[in-house]
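The values are calculated or read from the model by the stated rules, or taken from the named source; none is laboratory data. Just so we're clear, the structure is a prediction, and the values are computed from it rather than from any experiment. As a convention, Cβ positions derive from the backbone with ideal geometry for all residues, glycine included, and neighbour counts pool all protein chains shown. Only protein heavy atoms, including side chains, enter the accessible area calculation; ligands, DNA and RNA are left aside. Shrake-Rupley method; radii C 1.70, N 1.55, O 1.52, S 1.80 Å.
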Amino acid sequence: MNKKLITMVESAIMIALAVILSFVKVWSMPQGGTVSLTMIPLFILAFRRGATAGIISGIIYGAISIIFDGVIYHPMSILLDYTLAYGVLGVSGFFKKNCLGIILGTTTGVLLRYLCSLLSGAILFADYAPKGQNPWIYSLIYNATYMVPELIICVIALIILYGSGIQLFNAKQHS
């Protein structure tokens with residue numbers, strides 16, 4: 001079977017799974033941001049198929065999530081809160097598929113997504129900062145309150161899945 005076709009099918013399945021998991025919210029922040037399991041299938045895909053497939057699938061998921069859950073206050077929000085924010089998760093595909101690589105790749109992906117949220121909060125949503133507080137500090141703290149728990153959940157879940165012996169992280173090689 002064609003490797004590109006298999007990658008596209010796997011990407012579609014993981015994007016669909018991410019959309020479904022986006023409706024299962026552990027908790028939601030009052031001004032946006034949630035703790036959920038959404039990123040897990042996107043990370044699995046990036047580790048399984050590489051950074052390119054992971055980045056493209058993350059961007060597609062970000063665009064789709066606007067339809068289901070999007071709140072657009074500014075055109076740059078489409079980029080910083082959705083497409084780029086989820087696309088950067090795919091960089092985890094550059095890391096090795098072992099426990100350390102999964103921890104480092106997932107942490108890097110979440111930190112890059114956090115950077116997107118930090119920029120969005122400080123630039124686009126500065127008015128939400130309490131009076132007298134620096135919008136950068138407010139955004140740094142606000143976004144950490146949901147991104148740190150998401151990072152912890154993702155790392156734990158991915159390490160458990162990796163250690164369980166399930167071949168989620170290894171794509172079969174087809175001729």
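Taking region 52-72 as the region of interest, how many residues are outside any helix (DSSP H, G or I) and among the small types (Gly, Ala, Ser)? Total satisfying the criteria: 1.
Would you pick out the residues in region 73-122 that are hydroxyl-bearing (Ser, Thr, Tyr), open to solvent by less than 20 Å² (accessible area, probe 1.4 Å) and under 20 Å from GLY163 (Cβ atoms)? Don't jump to the end; show me each part of the working.
Keep residues of region 73-122 that are hydroxyl-bearing (Ser, Thr, Tyr), which gives 73, 77, 82-83, 86, 92, 106-108, 114, 117, 120.
Now restrict to residues that are open to solvent by less than 20 Å² (accessible area, probe 1.4 Å): 77, 92, 106, 117, 120.
Across region 73-122, the qualifying residues are SER92, THR106.
Within region 96-115, residues that are in contact (Cβ under 8 Å) with a residue 60 or more places away in the chain reach partners that are crowded, with 20+ Cβ neighbours inside 10 Å and outside any helix (DSSP H, G or I) with beta carbons closer than 8 Å, at six or more positions or on different chains, in the pairs ILE102/PHE95; GLY105/PHE95.
The set of residues in region 73-130 being outside any helix (DSSP H, G or I) and not basic (Lys, Arg) consists of TYR73, HIS74, PHE95, ASN98, PHE125, ALA129, PRO130. When the residues of region 1-24 are filtered to those that are surrounded by 15 or more Cβ atoms within 10 Å (Cβ to Cβ) and free of Cβ contacts under 8 Å to residues at least 24 places away in the same chain, the one that is nearest to LEU45 (Cα to Cα) is MET8. Of all residues in region 141-164, those satisfying the criterion of being part of a helix (DSSP H, G or I), open to solvent by 40 Å² or more (accessible area, probe 1.4 Å) and farther than 18 Å from GLY32 by Cβ are ILE152, ILE153, ILE156, ILE159, ILE160, LEU161, TYR162, GLY163. Can you report the number of residues in region 29-50 which are farther than 12 Å from LEU168 by Cα, open to solvent by 10 Å² or more (accessible area, probe 1.4 Å) and touching a helix residue (DSSP H, G or I) at 6+ places or on another chain (Cβ under 8 Å)? Counting residues in region 29-50 that are farther than 12 Å from LEU168 by Cα, open to solvent by 10 Å² or more (accessible area, probe 1.4 Å) and touching a helix residue (DSSP H, G or I) at 6+ places or on another chain (Cβ under 8 Å) gives 7.
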